[in-house]
Amino acid sequence: MHAHGEHTVGRRPERERKALAVALALIAGFLGAEVVGGLLADSLALLADAGHMLGDAGSLALALFALWIAGRPPTPERSFGYRRAEILAALANGVALAAIAIWIFVEAADRLRDPPQPLGAWILVLGAVGLVVNVFAALVVARARSGGSLNLEAAFRHIVADALGSVGVIVAGAVVLTTGWAYADPLVSVAIALLVLWSSVTILRESVRILLEASPSGIDPTAIGRRMAAVPDVVEVHDLHIWTITSGFPALSAHVLVAAGADCHGKRRELQRLLADEFGLEHATLQVDHAGSEAVELGSAAPRHSPVE
């Protein structure tokens, strides 16, 4: 029996864990300095960026935990193991980003009514250091994200958004330092909040899509059903379901009816090869019966496909 669990474990190379650990150490190490600097400089832009970096640290910690738990072997009770742990971690990261953005908006609105006078030099220096830290962390994670992991993608988006936020902090520091215009600090914090919110949208949408077992992005179930039905001796394809177990691991199941004289086992193997070669669906469970047989069919709202469509 082919062990799909072994295949997916292979998608989690050790380099992903090392990259996440290095990025976590960098960001956590700078986080404390940014919080202290934000309080001393009375800068919402710095505190907003620190809040985002806190989200980064949580994101990376969750990503490391998800990689660890996803590597546990499957059991009879959990036949796919803990693959969905990475999707839950990505969902938590997206929610955390949205919550941080809301806090920044609320605090910025208060400061725009009565802006304090922040210390531009502190803001500028810490913004520059934060940019260096985030760019290096992003490069480390980027080299390890080629496997298509949504969990790793969520962590990467956290870091990239925070690097862009550091650019905003630098701009705020430069404006305050050169012009004394105090409104620059809360206005930049709003821009950072918009960045944070934007970075959460894709992760939330994709993780919810996977948890609701929608068809994977870029895969058309109707086209796949029609392609399967176009195979010689295939009479009908129904109860077709395509979903995602975890990032990069789509799965398919279907009931296929073939002509009375056709070889059911041969057609099953032919269809599985077709799905793997043309659509990248290597985990396909097909129930193949002869048309007109008394095989029990599972009820489903899924459409039926036949060669005459």
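The values are calculated or read from the model by the stated rules, or taken from the named source; none is laboratory data. All values reported here derive from a predicted model rather than from experimental measurement. Note: ideal-geometry Cβ built from the backbone for every residue, glycine included; neighbour counts use all protein chains shown.
In table form, for the structure just shown:
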read-out: Test: residue in region 161-173 that is of a type in the set (A, V, I, L, M, F, W, C) and over 30 Å from Ala63 (Cα atoms); value: yes
read-out: Criterion: surrounded by fewer than 18 Cβ atoms within 10 Å (Cβ to Cβ) and of a type in the set (Gly, Ala, Ser) - qualifying residue of Ala85, Ala89, Ala99, Ala63; value: Ala99
read-out: Thr202 vs. criteria over 25 Å from Trp103 (Cβ atoms) and either surrounded by fewer than 22 Cβ atoms within 10 Å (Cβ to Cβ) or of a type outside the set (Ser, Thr, Tyr) (or both); value: no
read-out: Residue match in region 290-305 (condition: in contact with a helix residue (DSSP H, G or I) (Cβ under 6 Å, 6 or more places away or on another chain) and either at pLDDT below 75 or exposed (fewer than 13 other Cβ atoms within 10 Å of the Cβ) (or both)); value: yes
read-out: Options Asp289, Asp277: the member that is in contact with a His (Cβ under 9 Å, 6 or more places away or on another chain) and among the charged types (D, E, K, R); value: Asp289
read-out: Gly71 vs. criteria outside the structural domain of Thr246 (by TED's automatic domain parsing), crowded, with 21+ Cβ neighbours inside 10 Å, within 26 Å of the chain's Cα centre (by Cα) and small (Gly, Ala, Ser); value: no
read-out: Answer from Glu34, Glu77, Glu107, Glu16 - the residue that is among the charged types (D, E, K, R), part of a helix (DSSP H, G or I) and under 28 Å from Ile245 (Cβ atoms); value: Glu16
read-out: Subset of region 146-166 [under 19 Å from Ala28 (Cα atoms) and either modelled with pLDDT of 85 or more or of a type in the set (A, V, I, L, M) (or both)]; value: Leu152, Ala154, Ala155, Ile159, Val160, Ala161, Ala163, Leu164, Ser166
read-out: Any chance Val308 is among the β-branched types (Val, Ile, Thr), over 27 Å from Ser79 (Cβ atoms) and modelled with pLDDT under 90; value: yes
read-out: Hits in region 80-104 - residues which are without any contact (Cβ under 8 Å) to a residue 60 or more places away in the chain and either in a loop (DSSP other than H, G, I, E, B) or not assigned by TED's automatic domain parsing to the domain that holds Glu206 (or both); value: Tyr82
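This table checks each residue for (1) on the phi > 0 side of the Ramachandran plot; (2) assigned by TED's automatic domain parsing to the domain that holds Asp56; (3) out of contact with any Phe, Trp or Tyr (no Cβ under 9 Å at 6 or more places or on another chain).
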residue: Leu195; (1), (2), (3): no, yes, yes
residue: Trp198; (1), (2), (3): no, yes, yes
residue: Val201; (1), (2), (3): no, yes, yes
residue: Arg205; (1), (2), (3): no, yes, yes
residue: Pro216; (1), (2), (3): no, no, no
residue: Ala229; (1), (2), (3): no, no, yes
residue: Val235; (1), (2), (3): no, no, yes
residue: Asp239; (1), (2), (3): yes, no, yes
residue: Ile245; (1), (2), (3): no, no, no
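Okay, residues lined up against (1) surrounded by 24 or more Cβ atoms within 10 Å (Cβ to Cβ); (2) within 18 Å of Ala33 (Cβ to Cβ):
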| position | (1), (2) |
| --- | --- |
| Ala144 | no, no |
| Leu152 | yes, no |
| Ser166 | yes, yes |
| Pro186 | yes, no |
